[in-house]
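Undergrad: One structure follows; several queries about it will come next.
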Amino acid sequence: MNSVVVLPVVLPLAGAAVSLLAWRSVRLQQVIAVVLVAVSLALTVLLLLEAWRDGPVAVTLGGWPGSFGITLVADTLAALLLAISLLTILAVLVFAIGQPRADKGAFYFHPLYLVLTGGVSAVFLTSDLFNLFVAIEIMLSASYVLITIGGGKAQVRSGMTYVVINLLASTLLVTAVALIYAATGSLNMADVAERLTVLDPTLVSALGALLLVALGIKAAIFPLFFWLPDAYPTAPVAVTAVFAGLLTKVGVYAIIRTQTLMFPSDGVSTLLMWFAGLTMVVGVLGAIAQDDMKRILSFHIVSQIGYMLFGLSLFSVAGISAAVLFVTHQIPVKAALFLVNGLVEERRGTAALHRLGGLLRRAPLTAGLFGLAALSLAGIPPTSGFVGKLALVQAGLSAEAWTITGISLGVSVLTLLSMTKIWAGAFWGKEPEDDEVTDRRPPRTMTLAAGGLVAVTVAIAIGAQPLWELSVHAAEGLLDPAAYRAVMGR
Amino acid sequence: MNLVLLIGVGVLFGTGTYLLLQRTLTRIVLGLALLGHGVNVLLLLAGGPAGSPPLIGETAATVPYADPLPQAMALTAIVITFGIMAFLLALAYRSWTLTHDDEVEDDVEDRRIARTRARDEDHIEPDALEADPEDHP
């Protein structure tokens, strides 16, 4: 059973190689990609059940003892987030297959997509600091090519910013890893955590802060988020959807993992809380100013990252469980919103609000899907966003963090406001009289994929109770990592 | 010995950061390359002093073994930086063929929105804004 842990990483990467060999047949590549992502998803669900019943599942690569070799660990947190990520990856893949555009059918799209999947799996499962860096790089190097697919002028411009910023963040990450290795002589996260306890607290805080900055750029927290709303909107829709759903959340996961395991705070972390509040407010204000659907949604990615950070900053079981539940709901919701945006773009050929309008009558299904996902993003009951935000607010109130809880509620209202702006601009009102605006019916596969992902968010709202129990289990495992350490041979 | 290397790391980081803050793409790429080299030297330093080769079966050593792990890490980091740097150069070349300019442009849409705001609030003549000096340095 233990060796299953490597498969969600190895299967997509091996699939990418096979897929490259099959470059003559895009159809074959599509089959390979779908099958491998689906199998990885099934295996991850098995791992999640195993971790939930019997504690973390670990495998040490190459048979080296824990503190020397690289260990892959699937605990409840990693398996839960990986499962929901793979589900989202699968839905976006189906969407991309349905999209009738030449550049998505290019022979390099599917191999890159599989490399990205393998990288995401590796980030979630690794328990080694340097391996975390390598996993993030695997994921990012695929994303660099995906974001500039097509090589248009706007894409090259924003792709440049994206690559430079991420390369800088990676450099900072390796610097942090090197300094941590110099201070502790280990890279195994559980091992490092143990050795950091005997070091000078000032040194430990400095290391923790450097790591937080490096991962904070990748997670797009305030004030390190500026690259995201510039870079994401220019990429092809399917690529933006998978990035929006996953990449920043992978950064958040890495922050949660490293900050709880290696740099735990005794009580509420005021610094993180301020960053969380500012991330929420600045993100949502940025969104309100925009006029393009993709750009509005991109700013909301930033805003929602603040909520996750808010949960983490409480450093209590309630706070971290709420953050985990919130991440679980955000991954599919964010991707679903971008997929719906893709449906609108496919139909009209644009996502600029002043050139849209009257879609409610033309495409009631698209409108309904957008409505559900948008309400979920704003956190209106009975959607999945409500469950996540309720848990966060309750955790905030019980920790007596009044200000940040108030801010989070205010930001929800502003989120609803900007969702209303999209609704009023794109779905209500008159049809534009512009001759350039088209009315193409998107293929059924695309609608099906977007609908499936919205259905997942509804399922999260319905299955909130078991998911909440899983999140609490994950949070308890983070705050008391005895079991996590035990499987790593410590 | 270590101090010299440490100062070297500092110089690499400093010059790298300076170049990274420029607006020309080639300088940014060079800056990132220097930063990458700085980190690699830092990784090597993280392993402590030099020693005998860390080979299994090498028993005649009088000095302690050198730590092999940082070397492995530095190699991995070099390979990754090398690959991404190549991609970045290709991207810079593509950017040059498209725009015939080596400068990093602003976020176009953001500029447009900021301009609309300014027009709404200050009633500045649109013509005056077209000649925004920052757009055409």
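Undergrad: Loop-only check: which GluC sites (Glu not before Pro) in the stretch B:1-108 are DSSP coil with at most 16 other Cβ within 10 angstrom? Write out the running numbers ahead of the final one.
TA: On the way: sites: B:GLU58, B:GLU103, B:GLU105; in loops: B:GLU58, B:GLU105.
When the GluC sites (Glu not before Pro) of the stretch B:1-108 are filtered for loop state and at most 16 Cβ neighbours within 10 Å, B:GLU58 remain.
Undergrad: Would you be so kind as to identify which of A:VAL177, A:GLY379, B:LEU75 lies farthest towards the positive end of the dipole of the protein assembly as shown, taking Lys and Arg as +1 and Asp and Glu as -1 on Cβ and the Cα centre as origin?
TA: Going by the Cα projections, it comes out as A:GLY379.
Undergrad: Name the shape class, rounded, prolate or oblate, that the alpha-carbon gyration tensor gives for the stretch A:223-293, where a ≥ b ≥ c are the square roots of its eigenvalues, rounded holds for a/c under 1.5, and otherwise prolate holds if a/b is larger than b/c and oblate otherwise.
TA: Details: a/c = 3.63, a/b = 1.61, b/c = 2.26.
Taking the square roots of the gyration eigenvalues as a ≥ b ≥ c, the stretch A:223-293 is oblate.
Undergrad: Using amide H atoms built 1.01 Å from N in the peptide plane, name the residues 5+ places from B:VAL104, or on other chains, whose amide H lies under 5 Å from its own.
TA: B:LEU25
Undergrad: Can you list the lysines whose alpha carbon sits under 21 Å from that of A:LYS249, skipping same-chain ones fewer than 8 residues off?
TA: Leaving aside lysines fewer than 8 places away in the same chain, those within reach of A:LYS249 are A:LYS218, A:LYS294, A:LYS334, A:LYS389.
Undergrad: So if I take the centroid of the Cα atoms in the stretch A:7-46 and the same for the stretch B:1-77, what is the distance between those two points in Å?
TA: When both Cα centres are located, 37 Å separates them.
Undergrad: So, one more: Only helical DSSP H runs with n ≥ 4 go in: add -39500 (n - 2.57) per run for chain A, normalise by residue count and round the 222 nm mean residue ellipticity to 500 deg cm²/dmol.
TA: Working: 21 runs with 355 residues, N = 490.
Calculated from helices alone, the mean residue ellipticity at 222 nm is -24500 deg cm²/dmol.
Undergrad: Given the protein assembly as shown, report the % of alpha carbon pairs whose separation exceeds 45 Å. Intermediate values should be presented prior to the final figure.
TA: Numbers: 30202 of 196251 pairs.
Value for the protein assembly as shown (Cα pairs over 45 Å): 15 percent.
Undergrad: Can I ask one more? Could you please state, rounded to a whole Å, how far the C-alpha centre of the stretch A:312-328 is from the C-alpha centre of the stretch A:128-197?
TA: The stretch A:312-328 and the stretch A:128-197 have Cα centres spaced 24 Å from each other.
Undergrad: Also: Pop out the ³J(HN,Hα) list for the stretch A:228-245 in order, Karplus 6.51 cos²θ - 1.76 cosθ + 1.60 with θ = phi - 60°, rounded to Hz; leave Gly and Pro as x.
TA: Karplus-based 3J(HN,Hα) across the stretch A:228-245 equals 5, x, 7, 7, 5, x, 7, 6, x, 4, 4, 5, 4, 4, 6, 5, 4, x Hz.
Undergrad: Further, regarding this structure: Is the stretch A:116-183 best put as rounded, prolate or oblate by its Cα gyration tensor, with a ≥ b ≥ c the root eigenvalues, rounded for a/c under 1.5, and otherwise prolate when a/b is larger than b/c, oblate when not? Before the final figure, lay out each step's value.
TA: On the way: a/c = 5.34, a/b = 1.72, b/c = 3.10.
Note, shape of the stretch A:116-183 comes out oblate.
Undergrad: Could you give me the ³J(HN,Hα) list for the stretch A:307-321, computed from phi with Karplus coefficients 6.51, -1.76, 1.60 and θ = phi - 60°, whole Hz, x at Gly and Pro?
TA: So the Karplus estimates, Gly and Pro as x, are 4, 5, 5, 4, x, 5, 5, 6, 6, 10, 4, 4, x, 6, 4 Hz.
Undergrad: What shape does the stretch A:66-139 take by its C-alpha gyration tensor, where a ≥ b ≥ c are the square roots of the eigenvalues and a/c under 1.5 counts as rounded, a/b above b/c as prolate, and the rest as oblate?
TA: Details: a/c = 4.67, a/b = 1.97, b/c = 2.37.
Oblate, since a/c reaches 1.5 and b/c is not below a/b.
Undergrad: Here is a follow-up. In peptide A:136-145, what is the residue-averaged number of other protein chain Cβ atoms found within 10 Å of each Cβ?
TA: 2
Undergrad: Then there is this: In whole Hz, with x marking every Gly and Pro, tabulate ³J(HN,Hα) for the stretch B:98-111 from phi via Karplus 6.51 cos²θ - 1.76 cosθ + 1.60, θ = phi - 60°.
TA: 7, 10, 6, 8, 9, 9, 7, 7, 6, 5, 4, 4, 4, 4
Undergrad: Related question: In peptide A:22-32, how many Cβ atoms from other protein chains are near each Cβ within 10 Å, on average?
TA: Details: counts 0, 0, 0, 0, 0, 0, 0, 0, 0, 0, 0.
Average neighbour count from other chains, rounded to a whole number: 0.
Undergrad: So what does log10 I(q)/I(0) come out to for the stretch A:200-242 at q = 0.15, 0.24 Å⁻¹, using the Debye formula with one equal point on every Cα and no solvent?
TA: Cα-only, vacuum Debye calculation for the stretch A:200-242: -0.51, -0.82.
No lab work stands behind these numbers, since they all come straight from the coordinates. Quantities reported herein were computed from a predicted structural model and do not represent experimental measurements. For neighbour counting, all protein chains shown are included, and Cβ atoms are generated from backbone atoms with ideal geometry for every residue, glycine included.
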